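Quick notes on the structure that follows.
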2 protein chains.
Amino acid sequence: MAEGSIWEAFDKASHYKLANLIAIVDVNRLGQRGPTDLGWDLEAYRRRAEAFGARVFEIDGHDVAAIDQALAEAGDLSGERPSVILARTIKGRGASEVEDREDWHGKPLPPEMAERAITELGGERHLLVRGPAPADGQPRLRADRAIEVKLPVYDRGQKVATRKAYGEALAALGARPDIVAMDGEVSNSTFANLFAQAHPGRFFEMYIAEQQLVAAAVGVGVRGYRPFASTFAAFFTRAYDFIRMAAISRASICLAGSHAGVEIGADGPSQMALEDLAMMRAVHGSAVLYPSDATSAAALVEAMADLDGISYMRTTRGAYPVLYEAGESFPVGGSKLLRSADDDQVTLIGAGVTLHACLAAADQLRDEGISARVIDLYSVKPVDTATLSAAVAATGGRLVIAEDHHPEGGIGSAVVDALTAAGRAELSVAHLAVREMPGSGTTEELLAESGIDADAIAAAARRLLA
Amino acid sequence: MAEGSIWEAFDKASHYKLANLIAIVDVNRLGQRGPTDLGWDLEAYRRRAEAFGARVFEIDGHDVAAIDQALAEAGDLSGERPSVILARTIKGRGASEVEDREDWHGKPLPPEMAERAITELGGERHLLVRGPAPADGQPRLRADRAIEVKLPVYDRGQKVATRKAYGEALAALGARPDIVAMDGEVSNSTFANLFAQAHPGRFFEMYIAEQQLVAAAVGVGVRGYRPFASTFAAFFTRAYDFIRMAAISRASICLAGSHAGVEIGADGPSQMALEDLAMMRAVHGSAVLYPSDATSAAALVEAMADLDGISYMRTTRGAYPVLYEAGESFPVGGSKLLRSADDDQVTLIGAGVTLHACLAAADQLRDEGISARVIDLYSVKPVDTATLSAAVAATGGRLVIAEDHHPEGGIGSAVVDALTAAGRAELSVAHLAVREMPGSGTTEELLAESGIDADAIAAAARRLLA
């Protein structure tokens, strides 16, 4: 109850009139290291829960009849408010040696103490209690695979932001009845609003409460739907524990973070995700996708909907040219060779805005007689080791990796980790990343200042070949 | 006001009776994409703020006299409650084209609209308003460098948990009057309780509210103190946005996360930090320290107290042998060669529990006639590139890196990133990390299951040499 996320949850439960939500608070007065902030002050808990829109039942948590009655009353779903049962309890009750005592949290009793406690509690018994099973008629929803999803189609060269393609693809994917979307009060920036307009009954505004945004996605997933939760990529850092715990809980959720990196320009560093790839790669079993154009973004949105575990798409604010024809395939774990020739001397690797910089750098280098291979690393995790290894073999191990992210844990690490894991690695790497604190400026100014624009990439390639 | 962290803050402000805290809420009804959850329902805000212990003033936020009066009343510090001024405002007031309208959040007005707005607001003016300066007598506190800090001393071979050394060193460091500590209700696990016992006036219990734990550390730092904030390493994921924003705000704070990795054993994956190194390395300008013994832990606690920016120490639950004599120096950015010979064939790199496994593996290998170099990588960021490069040169590029962390963004990435950044790298890397979801078990079982124990390290070394 001391975590702010609890109040995000109550706020949303009352906003959405979840009369079928019953929270039970075990108020036992003790934390791990001593008394809790509010102790047995049930009135303080009541005021808070009521202020956040819940109806409150106060009971003696050791009185089974009282528990039963509170649950029965809370189970009356005719109202519009979630219920909170505040159960005053005594920690360790019935085992007098530890009852209401500090310093016994999370510790097993020594065997002799355990034996005395069991005796005091009435001896060993074997009771089997079954709670009510979920009501019939609510099977796990499954997507009807026969439903045709008509992804948006983009023309090559047309300038479209990947965040826009995210929204358009998600709205199209909404033809599947299992798709649900939610957003943290920025749906006009993430373009989740396109889904909201097309499928208002399956869109949930979670306001500026990212922990509950992810928590609600997990809950929706448990009920058999496939949730897509979006906000600015930077703001998912608010929910990292929820994302981590979702992975541990074997949840399958799709996250989309927009406005990544210094590319956003004027809004300044607080709004720039520069840690999100590191954060999301480190989540167990995650997929981390970073499309560079609208066609791949749309295809990957559809792919995410069928991935197990935590999948994350990083999208970009600005509009950049579409690179791929509609219908091109983008398997998770793959990559695209956008420039490739037998005489390639260096490999340029990027994703998102830096891929477009890599392409421009390759043009610069070609004019100087340098042939550069260009890899679109749209799948940062899992990563396409085979294509990377082939590029290493073809270009003498010379790699320029450019990313709109801090140097730690992002695309550079993904590439180098994969190559060193693949066996003996002989590498000459120029790793361009955001190493200084960015300020506010135009996209072009900030990409140049960070040393991740086309000029910086071309210069790094020349240095590797010098 | 929709973020749960706000309620963590009000809870702590009322708990600590911060009558000198005045929060002003600009209730303008509109978010970025439309109306807020509570709109202009000032009564709802009032109920919430009062339930969390604040006294509340409701005003018309456009009425300067009302603002002045509310601030004067809130400035009466004789009470024990923080104040909240709920200021009802109209977004864009006075510029009729945007007043109370959606879709103008965070957007500059087009030049002609801006001109009309300025005219409507009374034309261009040049007003200079100075708020009151901070009261005299509260200069930024500076540590008295003449104060001698007597760090705890440990005997080599003695088994001491690094978390215990953290608490003992912090308590000793408390001789400096600028040192302040706070903890998230687990100080009997992190051993911050040793500081609390020694310096109760400079210890703050933040209960289970990690966002406010870090926020309070930043605030304490702004006032010239040096804060140390501790909790389980896993739980800092709750505060990632606060840590990220602390770096952007150029704050200097020291964080200590205990109970890292599968080493904790029985408590299961929700309590195991397996993403923290990735998360903390990706923070701008951070230092990431991971001592393996009590001597180095104590020395690094003292070093952290004088580092600029965000510093993080990862500590271990279990007790392991002290490796270093008291007085040994552990510069941030350094490492230690614990085994080294001219005929070294392979380098073993670890930190924390895996360093002890590396030492045991080196013993196994020595018995087989294989000479293994062992590096204690206590400074994960910045990392000791010179020692790593020398090891690569000495051992044919053969490295076994073992870490109690997911494979992404941790020690393995730190090593390989540094070596590839240093120039042409020819590497044969075996990277041992926690790749499957751990369960609950003994430390030994889980280290073996994850493939990061001495046997796994020795086997990896043999494979590299095969």
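Here is how the numbers come out for the structure above:
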| read-out | value |
| --- | --- |
| Inter-probe distance in nm under a simple model that places probes 7 Å from Cα toward Cβ, at A:E43 and A:V129 | 3.1 nm |
| Estimated [θ] at 222 nm from DSSP helical runs (n ≥ 4, -39500 (n - 2.57)) normalised by residues in chain B, nearest 500 | -10000 deg cm²/dmol |
| Residues of region B:293-325 with amide N under 20 Å of the 7 Å Cα→Cβ point at B:Q158 | B:293-303, B:315-325 |
| Fully extended contour minus Cα-Cα distance, from A:E115 to A:A421, at 0.36 nm per residue | 105.0 nm |
| Lysine-lysine proximity count for chain B, Cα under 22 Å, sequence distance 8 or more or distinct chains | 6 |
| Crossing angle, helix A:64-74 versus chain A [Cα axis fit, 0-90 degrees, rounded to tens] | 50 degrees |
| Rounded to whole Hz, the Karplus (6.51, -1.76, 1.60) HN-Hα couplings of region B:375-392, x for glycine and proline | 10, 8, 8, 5, 10, 7, 8, x, 10, 7, 4, 4, 5, 5, 5, 5, 5, 4 |
| Accessible area of chain A divided out per residue, in Å², using a probe of 1.4 angstrom | 40 Å² |
| Gyration tensor (Cα) of region B:53-205, equivalent ellipsoid semi-axes in angstrom | 52, 21, 18 |
| Solvent-accessible area lost in complex, 20 Å² minimum, residues of region A:413-434 relative to chain alone, 1.4 Å | A:S413, A:V416, A:D417, A:T420, A:R424, A:A425, A:E426, A:L427, A:S428, A:V429 |
| Rounded if a/c under 1.5, otherwise prolate or oblate - the protein assembly as shown, Cα gyration tensor axes | rounded |
| Student exercise, region A:403-448 dipole from Lys, Arg, Asp, Glu Cβ charges, in Debye to nearest 20 | 220 debye |
| Protection proxy ranking, peptides A:247-256, B:108-117, average beta carbon neighbours within 10 Å, highest first | A:247-256, B:108-117 |
| Rounded to whole Hz, the Karplus (6.51, -1.76, 1.60) HN-Hα couplings of region B:287-293, x for glycine and proline | 10, 10, 10, 8, x, 9, 9 |
| Estimated FRET transfer efficiency when R0 is 22 angstrom, pair A:Q197-B:S96 (beta carbons, to 0.05) | 0.20 |
| C-alpha long axis of helix A:4-15 to longest principal axis of chain A, angle in ° | 80 degrees |
| Where A meets B: accessible area buried, both sides, 1.4 Å probe, Å² | 6600 Å² |
| Estimated FRET transfer efficiency when R0 is 22 angstrom, pair B:A448-A:R250 (beta carbons, to 0.05) | 0.40 |
| Sites B:A466 and A:M437 - FRET efficiency at Förster radius 41 Å, r taken between beta-carbons, to 0.05 | 0.30 |
| Crossing angle, helix B:162-173 versus chain B [Cα axis fit, 0-90 degrees, rounded to tens] | 60 degrees |
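The values are calculated or read from the model by the stated rules, or taken from the named source; none is laboratory data. What you see is a predicted model; the values in this text were computed from it and never measured. Note that we place each Cβ from the backbone using ideal geometry, even for glycine, and neighbour counts take in every protein chain shown. Each accessible area value is taken on the protein alone, full model and side chains, heavy atoms only, with ligands, DNA and RNA left out. Shrake-Rupley method; radii C 1.70, N 1.55, O 1.52, S 1.80 Å.
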